[in-house]
1. Can you tell me which of (1) touching a Pro at 6+ places or on another chain (Cβ under 9 Å); (2) within 28 Å of SER290 (Cβ to Cβ) is the one THR196 doesn't meet?
2. On the given criteria, is ASN184 polar (S, T, N, Q), buried (at least 22 other Cβ atoms within 10 Å of the Cβ), touching a Phe, Trp or Tyr at 6+ places or on another chain (Cβ under 9 Å) and over 30 Å from THR355 (Cα atoms)?
3. Being surrounded by fewer than 22 Cβ atoms within 10 Å (Cβ to Cβ) and within 13 Å of the chain's Cα centre (by Cα) is the filter; apply it to the stretch 189-218 and report the residue that is nearest to PHE325 (Cα to Cα).
4. Go through the residues of the stretch 315-334 one by one and say whether even a single one is among the hydroxyl-bearing types (Ser, Thr, Tyr) and within 30 Å of VAL74 (Cα to Cα).
5. Take residues that are within 23 Å of GLY337 (Cβ to Cβ) and tell me which of the strands (runs of 3 or more DSSP E) falling wholly in the stretch 56-165 contain 1 or more.
6. For SER174, are the conditions met, namely being in contact with a helix residue (DSSP H, G or I) (Cβ under 9 Å, 6 or more places away or on another chain) and surrounded by fewer than 20 Cβ atoms within 10 Å (Cβ to Cβ)?
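The values are calculated or read from the model by the stated rules, or taken from the named source; none is laboratory data. Remember, it's a predicted structure, so these values are computed and weren't measured experimentally. Because the Cβ atoms are built from the backbone with ideal geometry, glycine has one as well, and the counts that use them run over all protein chains shown.
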Amino acid sequence: MAHYDVTAGTDTVSQAQFTEVYNQVNKVFSDLYPNAVSTSLGTNCATYTFGWGNRKSKQFSKKITHKDWNQLIVRINIALIHTGYTLVSGGNTVTLVTRGETIAAAHYNALADASNEIITKKIDTGITGNKIYTTRSYANYLDSAQAELSALTTATRTDSWQTQIITELRLSFSDFDDVRYFFNAGCDVRITPSTTGATTAAGIEWANIIAAIGTFYYNIDGPNYTGTTGTLYWLPFCDLTSEYQLAFISGVGSSGYGGYSGYSGYSGYSGYSGASSYSAYSSYSGYSMSQRVKIYVKVENNLVSFKIVYIGTGNIIDGTQNILFQLRSGADIANRGIKHHTTKPSWTLTNNMDTLGEDS
């Protein structure tokens, strides 16, 4: 949007300018692209990745008043709290308009600049080491001060196993728009495996593999993890389909892991506000017949599913296996009767560390 000079006698905001900034604020805070469908996610990535799904503002009278303007200001101020963004002009709030005050170009500029910055300015998400370096629009960012971590459930298995066990978590939202709002607002799904009590050689090696994963998490940028050993596959939210796609493979413990040097199989992506280029990883040695963990993700309409496959080599893996599932989402923010809320999904374990089939 344009930044208007304040010129005495000609600086009153027009209806067209109000509509312009109205759409810009609601593009982030509400949704200008409702009734989205998951099958067109990739095609419509540029629009589907905007919108948090909150209630839109409205114009209360034909003449633009302080009430109309403040409805927008409160929404952008809530967005500034949610994202933790500091304005170029300084501070984290836009000043409200007083009753009877003429809505002038200075008011327009303050609001237009704030909404533009949230959409166009990017934050370094701080991912370092052997993983992804990426930036993200503040419109898709959740400040840590506003983040809440909530536990969904824990999958548990105490029986020993040898070849393969599968766990599947299905998250159910009210519709695909709510799926979008969750990820657009910077929220993520977290998966933390753990194991205790191993005594067999294969069980002890498995414990090392699990410990090296740390926490796997999935957000609008795609998969990542907090651990030290594993391979990530390029799978941002916009690339999800109704079929499971591989997002992560663990390392293989002490039996010959050859090293990880980057990000698997991605050489450029133009339609997404995040990473611009990652080259492929170089090599694994001794990988084909080793114990490992694979994590897959898919979306189908209102359902987002994660499949965690534990793969053994036929030797007995003992001990207690646990997988903790969590959501990291934004706290509710309310101001002057206007509320920002992210709807959390319900969940179902469709497989709970079940022994199924052969190696996938």
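1. Evaluating THR196 over (1) touching a Pro at 6+ places or on another chain (Cβ under 9 Å); (2) within 28 Å of SER290 (Cβ to Cβ) leaves (1) as the failure.
2. For ASN184, the condition - polar (S, T, N, Q), buried (at least 22 other Cβ atoms within 10 Å of the Cβ), touching a Phe, Trp or Tyr at 6+ places or on another chain (Cβ under 9 Å) and over 30 Å from THR355 (Cα atoms) - is met.
3. ARG190
4. Among the residues of the stretch 315-334, at least one is among the hydroxyl-bearing types (Ser, Thr, Tyr) and within 30 Å of VAL74 (Cα to Cα), which makes the answer yes.
5. Qualifying strands (runs of 3 or more DSSP E): 147-157.
6. no
Yes/no per residue for (1) more than 16 Å from HIS82 (Cβ to Cβ); (2) in contact with a Ser or Thr (Cβ under 8 Å, 6 or more places away or on another chain); (3) not hydrophobic (A, V, I, L, M, F, W, C):
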site: ILE118; (1), (2), (3): no, yes, no
site: ASP124; (1), (2), (3): yes, yes, yes
site: ALA139; (1), (2), (3): no, yes, no
site: ASP143; (1), (2), (3): no, yes, yes
site: ARG170; (1), (2), (3): yes, yes, yes
site: PHE176; (1), (2), (3): yes, yes, no
site: VAL179; (1), (2), (3): yes, yes, no
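Yes/no per residue for (1) within 25 Å of ASP188 (Cα to Cα); (2) surrounded by fewer than 15 Cβ atoms within 10 Å (Cβ to Cβ); (3) of a type in the set (Ser, Thr, Tyr):
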{"residue": "SER57", "(1), (2), (3)": "no, no, yes"}
{"residue": "TRP69", "(1), (2), (3)": "no, no, no"}
{"residue": "SER137", "(1), (2), (3)": "yes, no, yes"}
{"residue": "TYR141", "(1), (2), (3)": "yes, no, yes"}
{"residue": "GLN146", "(1), (2), (3)": "yes, no, no"}
